[in-house]
Structures are given as structure tokens and as C-alpha cells.
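In what follows, a single structure is set out as C-alpha cells and then discussed.
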Amino acid sequence: MIDARRDQIVKLRQAGLSYAKIGRNLGISGERVRQILQGRRTREKLDLRSKAVLRGGEVASLLGVHMNTVRRWSDKGVLKSFRVGLRHERRFRREDVDAFLEEEGAKPPAASE
């Protein structure tokens, strides 16, 4: 998908459109247009599979659910987490997330749980 989007951006740039105009047409920021052209990926997509400890948003991205769902599962003990820092932010061990996926048959539980 990124390759198709990149090709589209290249054509629009060759047509003389600015990054901002291309971004508005595609529903993304002008900076993201520039990143796509330079071959950069967003932080979440870089290498989550190799990270030992994940933030809540990264877990949500991996599981394909909203961050509030990850919080709810954490509060109920469905998904193991631990707290760090003065703000007591949640962190998730990679092996716990993988175990959760195996336990659920690679299908996260319903959001209503």
C-alpha cells in the first residue's frame, strides 16, 4: 500500500503540487508526504516485533484495537502490564502480548469484555 501511495505522491510532485496540497488531497500531513517520499516509516511500524517492552499505543496498534480497550484489558488483568515512572504509565512485555495472542487464538477478545 505504501508503494502505491508513494507512486501517487511522486506523480503529484512531478505535476508541481506542494507537499501540503498533496497531503490535503490524500488526507495526511505535508510532513508525512515528505517522509513517504524519503522512504521513512512511522515509529509504530519501524520494528515493534523486536521490542522487548511496548507502550500501550504500540500494543493497541499490534492488536488492532483502541488504546482504551488495551487499558480496560490491563485493568481487568486480561493483558499483563506493569507501571513505570512518576505518571505510572503502563508498559507491556513483548512475551506477555505474544502469550495473550496465543491464548486468544490470535484473535483479541471482544471490546465489551
Are any of the residues in region 30-51 closer than 27 Å to GLU104 by Cα, touching a strand residue (DSSP E or B) at 6+ places or on another chain (Cβ under 9 Å) and either modelled with pLDDT of 85 or more or among the small types (Gly, Ala, Ser) (or both)? no
Number of positions in region 68-90 that are assigned to a strand (DSSP E or B) and not basic (Lys, Arg): 3
Scan region 86-113 for residues that are out of contact with any Gly (no Cβ under 6 Å at 6 or more places or on another chain), among the charged types (D, E, K, R) and at pLDDT 90 or above and report the count. 7
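The values are calculated or read from the model by the stated rules, or taken from the named source; none is laboratory data. All values derive from a computational prediction rather than experimental measurement. Cβ atoms come from the backbone with ideal geometry, glycine included; neighbour counts cover every protein chain shown.
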